Each structure stands twice: as C-alpha cells, then as structure tokens.
Amino acid sequence: MKTIDLNADIGEASNPDWAWAEAQIVTAISSANIACGGHAGDDASMTTTVKNALANGVVIGAHPAYPDKDNFGRTSLVLGVDIQKRDLIDSLKRQITKLTEIAAQHGTRVAYVKPHGALYNDAVKDREKSDLIAEVIYDLDPELAFLGGPNSAMGRAANEVGLTFVAEGFIDRRYTDDGHLLSRSKPGAVIKDQTARLAQACALASTGEVQTESGGTLNINARSLCVHGDSAGAVETAIEAKKAIESLGIQIKAFAR
C-alpha cells in the first residue's frame, strides 16, 4: 500500500483555545514538528506536546527557528548583521537539544528536524544557511532526518553531509512556478478554503502534483504533507485531510521511526 506522512507545526500555542486545537491536530497526523524555544515554545509546552504525540503514536521532530519570538520566527535575519553565525548555530543546537532531552525523559526520541518560518524560507535558496542547518543537525546526531522543501538548497546540503533528506509539500500554502512557497506577503499565499486545501492534499498524496499560483501544474513528489497548526481551520484540515487521503487507498504513515 502506498503511504505518505502527514505532519504539523505544533507546540506553538499561546492561549488555551490554540492549545486545544493542537491537541486535536495531533490525533490526525503521523509526525509532529515541535517548536523548541526559538519562535515559540518552552519546557512546559514541549513536555505537553511530546506527551500528546506519544499518546497518539506520533513521531517527534524538532522545529527550530531564528531566536526571535517577537516576530514568531517569520522575519529573516541576516548573518553578520542581525545575528552572528556562531550565535545562530548555538541557538539551533540549544533548541534541538532541549527537545531531545525532554523526549528522552519520556522514553522517546527526536527523529528529524524541520526549520521554521523565515529560517526555512531562507534555507530554500541560501546555501550558507542550508549548509549551517545541515551541519548543526549532523553534529548533534547524523541519524536525524532533515525535513524541508523540495528542489531546495536544503536537500543538497543534507546530501553533502550524509543526512537523510525528506521533501515535504504544504496542504495550506500556494506555490510559485519554480516549486517554492508563495511569500506570505502576497495575496492568496495561505489557502483558506477547506475544499481547496483538501483538493491540494489529495493531489499531492496521489500524484505528487500541485497547481501553482499561475494555474500551472508542478510535480513536488513530496514524502510528507504539512498542515500549519497556527492557521485558521487547521483542526478540520488535519482531520479531513487524513480521511480524504485514506479514502484514496493511501496510508498515513510517518517517514521516520
């Protein structure tokens, strides 16, 4: 049977309603990208999210970011100007290590790393940042997988250091013709209609194809599909996407163990 991973960015909640939504999302996914203190999250939220993941048989991944909670990690930081390279390396290592320690306390492990927000977007094309992330991951544990964008510098960087790279597609984001995410600053970058989200999820899971902003068709060939836990309607998206994909005879299964 064909399989595909369904992941979500969680552990980011800053209020009870959001925390409730994350607890519902984790019942539908196979991999959880857990915020570990860079853009969101603290020891308490990491512990809660790890427990929720374990209770639902969900694989745990670290979701590190630029150390910038004020902007939720969605503002690009220039190396040598906004942040020193050594400081970013140290921050990413601290974030991933903290989640690793909490996971170990509960008898489980971090299986992969997925950058968050602006760090993710920068690493799509910025070779220095993609190399930096790959080297951080490898230094901490070469068995960790690197989850990131298809056709990106992240995949090349992972391959160069010997990491397993897993390409992901997004259920709730629009794509450009070159296969990258449309900037959130542009209208329509976030897909808000649930029917459109489910159609994109099913297309990505079954054919690997996605319709771009210009109306063209692009093959992403992703092994994992992402739902943003902070987007409106994320709970419904996660639950209904799981049902829709499984109705196609495709099993939701984590890419990592």
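Each value in this text was obtained by applying a stated rule to the coordinates, not by laboratory testing. This one's a predicted model, so the numbers in the text were calculated from it and none came from an experiment. A quick note on method: Cβ atoms are made from the backbone with ideal geometry, for glycine too, and the neighbour counts reach across all protein chains shown.
How large is ³J(HN,Hα) for each residue in the stretch 240-247, as worked out from phi by the Karplus curve 6.51 cos²θ - 1.76 cosθ + 1.60 (θ = phi - 60°), to whole Hz, x for Gly and Pro?
Once θ is set to phi - 60°, the couplings for the stretch 240-247 become 6, 5, 4, 4, 5, 5, 5, 5 Hz.
Return ARG94, ARG127 ranked ascending by Cβ neighbour count within 10 Å, so the fewest neighbours appear first.
On the way: ARG94 15, ARG127 12.
In increasing order of surrounding Cβ atoms, one gets ARG127, ARG94.
Work out how much length TRP20 to ASP193 would gain on full extension: take 0.36 nm times their residue separation and subtract the Cα-Cα distance, in nm to one decimal. Could you put the intermediate results ahead of the total?
Working: separation 173, 0.36 × 173 = 62.28 nm, distance 2.17 nm.
Value of the extension gain: 60.1 nm.
What residue among GLU22, GLU168, GLU236 shows peak mean-square fluctuation when the chain is described by a Gaussian network model with Cα springs under 10 Å?
So, out of GLU22, GLU168, GLU236, the one fluctuating most is GLU236.
Return the sequence-ordered ³J(HN,Hα) values of the stretch 67-74 in whole Hz as given by the Karplus equation 6.51 cos²θ - 1.76 cosθ + 1.60 applied to θ = phi - 60°, using x for Gly and Pro.
So the J values, rounded to whole Hz, are x, 8, 5, 4, 10, 6, x, 10.
Express the relative contact order of the stretch 3-252 as a whole percentage, based on alpha carbon pairs under 8 Å and six or more residues apart in sequence.
On the way: 508 pairs, mean separation 51.9, N = 250.
Result for the stretch 3-252 is 21 percent.
Using only the Cα atoms of the chain, what are the Rg and Dmax in Å?
Answer for the chain, Rg first and Dmax second: 16.7, 50 Å.
Net charge within 13 Å of VAL110 by Cβ-Cβ distance, Lys/Arg positive one each and Asp/Glu negative one each, not counting VAL110 itself?
Here the count lands on +2.
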